[in-house]
1. Counting only protein heavy atoms and using a 1.4 Å probe, what share of the accessible area of the stretch 164-215 belongs to carbon plus sulfur, as a whole percent?
2. If you roll a 1.4 angstrom probe over the protein chains with everything in place, what fraction of the accessible area of the stretch 1-150 belongs to carbon and sulfur, to the nearest %?
3. For residue 105 and residue 197, what is the calculated FRET efficiency with R₀ set at 30 Å and r taken between the beta-carbons, to the nearest 0.05?
4. Using alpha carbon coordinates only, what is the Rg to Rh ratio of the stretch 47-170, with Rh defined as the Kirkwood radius?
5. Work out, in µm²/s and without decimals, the Stokes-Einstein translational diffusion coefficient of the stretch 111-215 at 37 °C, 0.692 mPa s, Rh from Kirkwood over C-alpha pairs.
6. Residues of the chain: accessible area per residue at 1.4 Å, in Å²?
7. If I ignore ligands, DNA and RNA and count only protein heavy atoms, how much of residue 55 is accessible to a 1.4 Å probe, in Å² to the nearest 10?
8. If you average the C-alpha positions of the stretch 72-103 and of the stretch 170-215 separately, how far apart do those two centres end up, in angstrom?
Amino acid sequence: GSFLPLAGGTMTGNIDLGDNIKAQFGTSQDLKIYHDGSHSYIQDSGTGVLKILGSGVTVQNSAGSENMLVITPNGSVDLYYDNSKKFETTVGGASITGALDVTGVITADGGLNLNDNDKIKLGTSGDLQIYHDGSNSYIDETGTGDLRIKSSLFRVQSSSGEAMINASENGIVQLYENNTERFRTVSDGAKVTGNLEVTGTITGSGGSFLPLAGG
């Protein structure tokens with residue numbers, strides 16, 4: 001018959017290798033291509049890396065009808081689920097189509113940007129929701145439990161930084177009006193700075209009292 005010279009030449013027919021018969025490349029046979037009867041392998045067992053060079057790289061199903069991975073030079077890397085693109089690298093980072101389920105920690109050094117009415121949901125049933133509806137901002141506890149804020153020092157301020165509420169652990173709670181303190185708790189009760197207007201009855205340990213304005 002006709003043979004391929006050891007110095008090389010052009011094959012005009014197929015090369016058929018049986019199961020577990022390997023095409024081996026390199027002096028130490030570091031690169032192997034084979035089929036074991038169940039699965040197919042491209043195996044690099046050397047000390048270097050396996051490089052795939054191409055003007056573009058596409059990984060598809062065996063029928064060639066569905067994309068799984070598409071790599072475009074000077075462009076995006078796209079990942080698919082059931083031929084539907086779910087992940088895409090962009091010039092600014094990456095874009096995800098659909099939900100992102102994370103079992104570990106998300107670190108966002110550049111911030112987290114959400115559109116109006118897009119919510120950060122916390123808890124198995126998403127009971128705690130944080131969002132902006134285009135007009136107002138919300139911290140929404142939709143479950144049956146409490147909304148608890150834990151801090152050694154808690155402050156509520158206006159958007160310009162004016163004090164509205166200050167609360168200190170083992171200390172005072174202060175309420176403000178136009179950045180001026182009007183009410184504070186003290187060790188034996190409370191203190192009001194300014195007038196105290198009461199429309200009902202003030203009841204103390206010494207009995208009940210009428211408001212100065214009458215009653």
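1. Details: 2110 of 4160 Å².
That fraction is 51 percent.
2. Working: 6190 of 12530 Å².
About 49 percent, which is the carbon plus sulfur part of the accessible surface.
3. On the way: r = 50 Å, r/R0 = 1.68.
In this case the efficiency is close to 0.05.
4. Numbers: Rg = 22.4 Å, Rh = 19.5 Å.
The Rg/Rh ratio comes out at 1.15.
5. On the way: Rh = 17.7 Å.
Answer from the Stokes-Einstein relation: 185 µm²/s.
6. Details: 17650 Å² over 215 residues.
Averaged over the residues of the chain, the accessible area is 82 Å².
7. Residue 55 has an accessible surface of roughly 110 Å² with all protein chains in place.
8. 59 Å
The values are calculated or read from the model by the stated rules, or taken from the named source; none is laboratory data. These figures come from a predicted structure and were not determined experimentally. Positions of Cβ are backbone-derived with ideal geometry, glycine not excepted, and every protein chain shown enters the neighbour counts. For accessibility, only protein heavy atoms count, side chains too; no ligands or nucleic acids. Shrake-Rupley method; radii C 1.70, N 1.55, O 1.52, S 1.80 Å.
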